[in-house]
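What follows is one structure encoded as structure tokens, with my remarks underneath.
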Amino acid sequence: MSKEKTIRNKILEYVYTISKQPILLKDLLVANRQHNDGMHVDPAKLGFRLRLIRAYIVYIVGVLIVLVPISFLTHKEMEKLNPHISILASMFITAIIFIGFNFFRDKMRDTMTKELIIRSWKLHFPFFSYEEYSEKIDEIFEKAMKEEISKRDLEKYILDNLSK
């Protein structure tokens with residue numbers, strides 16, 4: 001993660017277990033390709049794992065931070081309404097909360113994926129910024145796969161093609 005400890009970074013560190021092993025170049029390039037294509041990347045390739053109980057705790061706290069003030073603000077109006085409407089509203093809100101966890105988990109995984117790709121990018125390509133060269137290296141990697149370049153020669157092939 002970045003050196004600054006934002007709330008987002010603290011939450012990610014709390015919710016995920018991150019391996020101290022560096023990400024292999026080919027795994028980084030495959031993960032970058034999948035991430036650029038909008039696909040989910042295999043967390044094991046990037047060396048992180050979700051701690052589900054902690055994810056539930058963070059999600060529940062977030063839901064409570066949103067719902068408790070809304071409940072206080074709407075309590076008087078809901079008292080006056082027909083109980084059937086209150087029951088339906090409760091069912092609807094409960095469904096949204098349970099469905100929302102899946103979106104929350106996916107968003108956290110995508111955020112963690114990008115963080116780890118950028119961190120590993122700095123290790124493998126320290127002179128090429130991720131934002132500027134991500135797409136270029138992705139194209140070179142695709143070309144390398146078509147030409148069946150070995151893992152051992154992959155980094156040299158990529159750096160040679162970037163210098164052209």
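From the list Ile85, Ile93, which residue is modelled with pLDDT under 90 and open to solvent by 50 Å² or more (accessible area, probe 1.4 Å)? That would be Ile85, the only listed residue that is modelled with pLDDT under 90 and open to solvent by 50 Å² or more (accessible area, probe 1.4 Å). Of the helices (runs of 4 or more DSSP H) lying entirely inside the stretch 1-106, not one is found with 3 or more residues being touching a Pro at 6+ places or on another chain (Cβ under 9 Å) and either in contact (Cβ under 8 Å) with a residue 40 or more places away in the chain or over 30 Å from Pro126 (Cα atoms) (or both).
Of the residues making up the stretch 115-148, those that are surrounded by fewer than 16 Cβ atoms within 10 Å (Cβ to Cβ) and assigned to a loop (DSSP other than H, G, I, E, B) are Pro126, Phe127, Ser129, Glu147, Glu148.
The values are calculated or read from the model by the stated rules, or taken from the named source; none is laboratory data. From a predicted model like this one, the values you see are computed outputs, not experimental measurements. Neighbour counts are summed over all protein chains in view; Cβ atoms, including those assigned to glycine, are modelled from backbone coordinates with ideal geometry. Side chains included, ligands, DNA and RNA excluded: accessible areas come from the protein's heavy atoms. Shrake-Rupley method; radii C 1.70, N 1.55, O 1.52, S 1.80 Å.
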